[in-house]
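Notes for the one structure printed next.
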Amino acid sequence: MPPEDPPNVGSPPAGRLVGGDRNATKARVYVEERDGRRVAVKTSVGAGFVARWLLRRESRIFAALPPLGCVPSVLETRPDRVVTAWVDGTELFDLRLDGFTEAQAAALEAAIAELHAAGFAHGDLGRHDVIFRPDGGVTFIDFATAVGPACPRLLWRVLLPFWKRTDRGRVARLVERYRKIHRERNARRAATRVR
């Protein structure tokens, strides 16, 4: 029997809205202070059915994830809410103009390898789901489509190898695309200076 759909009522967190709510699949993400530290609160309050279903999946994944360097610290998981430590850093998307270093590429590969070695795959690593921390590490966010031991066994076993290839391939394409954007931007700047 599927889990009961949590009521779509209540009030949003007291923090500032920083993400989500772009379409029917997105839950809302707020940043707020708790016990002297910033946290990210992802909630389905006021969201549609798909967003509520995805957040229930994400809550189960976060509850099953072991402590990993590539995953934010999990503080609370409920069917209608996930609370993690806030991760400061730069999104992969923001590197498209500034360039992408070999150290960042190595850190990203190490983070993907760590997640996969733990028996999980993200499945939807996008430009806003990869955070490069000031300490040089990488953190992944938004585990709504992830697979791992928290999923039904058949689904997990069937999707895990495919999602692993998807993780590596998607990130490789994004990195190459951003490197190309950076090279083209530098070439345009150099051409402008020569004139």
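Considering the stretch 126-137, the residues that are under 19 Å from residue 173 (Cα atoms) and of a type in the set (D, E, K, R) include one that is surrounded by the fewest Cβ atoms within 10 Å (Cβ to Cβ), namely 127. Contact map, the stretch 166-180: residues that are modelled with pLDDT under 90 paired with residues that are part of a helix (DSSP H, G or I), Cβ distance under 6 Å, separation 6+ or inter-chain. Pairs shown: 178/95; 178/96. Condition first: in a helix (DSSP H, G or I), of a type in the set (A, V, I, L, M) and not assigned by TED's automatic domain parsing to the domain that holds residue 65. Can you find one or more residues in the stretch 140-156 that meet it? Taking every residue of the stretch 140-156 in turn, at least one turns out to be in a helix (DSSP H, G or I), of a type in the set (A, V, I, L, M) and not assigned by TED's automatic domain parsing to the domain that holds residue 65.
For the condition surrounded by fewer than 16 Cβ atoms within 10 Å (Cβ to Cβ), of a type in the set (A, V, I, L, M, F, W, C) and either at pLDDT 85 or above or over 15 Å from the mean Cα position of the chain (by Cα) (or both), residue 45 does not qualify. When 107, 103 are checked against the criterion of being out of contact with any Leu (no Cβ under 8 Å at 6 or more places or on another chain), surrounded by fewer than 14 Cβ atoms within 10 Å (Cβ to Cβ) and in the same structural domain as residue 141 (by TED's automatic domain parsing), a single residue qualifies: 103. Would you mind telling me which numbered condition in (1) over 27 Å from residue 88 (Cβ atoms); (2) of a type in the set (A, V, I, L, M, F, W, C); (3) free of Cβ contacts under 8 Å to residues at least 40 places away in the same chain residue 151 fails? Residue 151 satisfies every listed condition except (3).
If the condition is being among the basic types (Lys, Arg) and surrounded by fewer than 14 Cβ atoms within 10 Å (Cβ to Cβ), then the stretch 138-195 contributes 153, 157, 165, 173, 177, 180, 183, 188, 189, 193, 195. Only one of the listed residues (66, 72) is under 17 Å from the mean Cα position of the chain (by Cα) and at pLDDT 95 or above. That residue is 72.
The values are calculated or read from the model by the stated rules, or taken from the named source; none is laboratory data. From a predicted model like this one, the values you see are computed outputs, not experimental measurements. Virtual Cβ from ideal backbone geometry, glycine too; neighbours counted across all protein chains shown.
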